[in-house]
């Protein structure tokens, strides 16, 4: 998913895709993708703050900020994932939208895990503080310029970053149910066949 | 009080001029005015707040982590519990997101059922606000009236879904057939319970009366007005900067309603207004919600008229495998923009689920809005923001 070549840009001519192409060019971002009515614009890590501040001129609404951990180290129930697919990086994402129509862009920046630091948006977006604090405690990402990166949800003495893929969900380790197990137990073959016949009844 | 009586007049004059030393006041996490387990650490001098630090996380249940080890169907049950006063409305954006990834669309009737139940959830959520907001200002009568009337709404939701608060009613590709199920009855077209529309319309008539009650009890109440008009003014730019949405944003004069801009349910076939006010104070936030109850009643009346017959479920495989992709799906919940960023790597469970909960963003403005306010106004302002701690902490 992560390193897909550029966008289904050319054939896709929805207004959102046009807009995403336009704003990518204007902001000097790296690339964009539009799929499932979701426009994503990828920017370089060191241009993160500037790009978002510039974009806020037309997309003022700060919707949210979060991150994705792309290392599939220990997916519960699936053991260690394919080492080829293992990516030691985070993606930080921030969604801005318009307050008059449905224009919205999610900005992405990639951070290597050994240098998980990115500029903070709090100087211009007050609402980013809590979101950055959450991303900090959940992923261990540093936001340079956010003076108040104290834990938001977790107790002060909590150790670890729970949303990392390497952080085990203890409850699931000791008791696999409910999860994949009971779903896998369902009769797949037969039932699916009959579903197809009856589906539209 | 004897010491005061004994004080000489000159002494009193001196003590008035004395500066009150600053102190730190801890409010909550168990406090009647905090709606739940919210803790506020306020630096005050006298009654004036200089700095305030909300401490949240007492209700943090780690839904984003839990979602990574649950199938999409199981997550629907989970997200009901985020904003529990409007459980149904939480499911809708999630299911719509999954449907986009899978590439199915719910049949028309299912979409209309979703719309009606979302609006019922909106009324129910706003009625809870109509209980708690006056209560925090010291008026306990509206609580009784609103909870009584909300019961009619909850009964309707329960009739259809089987659950008052946690319906868990949406399925990928439609809604759950109301009764029965299983292999024997699968062929029957199971539908809304008999007489549902009639009861809904009756409840809507009752809601008209409820709105009148609200106006009589609260809107015209001199004390409520004195304590809320001009208190806690949030300018539009600040609201936008903090990601405030829903009635809180519309009270600041921004007519931003996802039901109008994002066609996620057939709202475009319905004639309704976006309620806005321009003051941005606590009273306006209250008035917007009263207006929205009236609009929701209007929407439901029309929807009951329009809703077509048809199946409730599109054809979806029994074991749902969601293809690779990333989608952000959002909806206008009673409290504002509620969204899910779903990252699917293929398979039965999402790789990552970011939950954009409304109250979290709405509450993040507290450190800004409460500075310089008086302690008694703190209650009025917080009450007017209408948050649910489960929605803040997830």
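Computed over region A:15-179, relative contact order equals 20 percent, with contacts defined as Cα pairs under 8 Å that lie 6+ residues apart. Give the shape of region B:272-394 as rounded, prolate or oblate, defined through the alpha-carbon gyration tensor: a ≥ b ≥ c are the square roots of its eigenvalues, a/c under 1.5 means rounded, and otherwise the shape is prolate if a/b is larger than b/c and oblate if not. Because a/c hits 1.5 or more and a/b fails to exceed b/c, region B:272-394 counts as oblate. Taking all Cα pairs closer than 8 Å and separated by 6 or more residues, the relative contact order of region B:21-108 comes to 15 percent.
Note on residue B:199 and residue A:148: the model spin-label points, each 7 Å out from Cα along the C-beta direction, lie 4.7 nm apart. Taking 19 Å as the cut-off, the amide N atoms of region B:265-294 that come nearer than this to a point 7 Å along the Cα-to-beta-carbon line of residue B:47 belong to B:282-283.
Expressed to the nearest 5 percent, the antiparallel share of DSSP beta bridges inside region A:15-179 is 80 percent. Each stretch of four or more DSSP H residues adds -39500 (n - 2.57); spread over every residue of chain B, this sum gives -14000 deg cm²/dmol at 222 nm. With the gyration tensor restricted to C-alpha atoms of region A:15-179, the semi-axes of the equivalent ellipsoid amount to 30, 20, 15 Å, longest first.
Find the centroid of the Cα atoms in region B:354-394 and in region A:119-169, then give the distance between the two in whole Å. Region B:354-394 and region A:119-169 have Cα centres separated by 19 Å.
One Cα centroid belongs to region B:318-338, the other to region B:47-73; the line between them spans 20 Å.
Given axes a ≥ b ≥ c from the Cα gyration tensor, I'd like to know whether region B:188-241 is rounded (a/c under 1.5), prolate (a/b larger than b/c) or oblate. Oblate shape, in that a/c is at least 1.5 and b/c is the bigger or equal ratio.
Across chain B, the relative contact order, built from alpha-carbon pairs under 8 Å that are at least six residues apart, equals 25 percent. Using alpha carbons only, how many degrees (0 to 90, rounded to 10) separate the axis of helix B:141-161 from the longest principal axis of chain B? Helix B:141-161 sits at roughly 20 degrees to that axis. For the segment B:62-69, counting C-beta atoms of other chains within 10 Å of every residue's C-beta and taking the mean gives 5.
Look at the stretch B:350-357: the mean tally of other chain Cβ atoms within 10 Å of its residues' Cβ atoms is 4.
Laboratory data are not the source of any read-out in this text; all were calculated from the coordinates shown. This structure is a prediction, so every number in the text was calculated from the model and none was measured. All Cβ positions, even for glycine, are placed from backbone atoms using ideal geometry, and neighbour counts span all protein chains on display.
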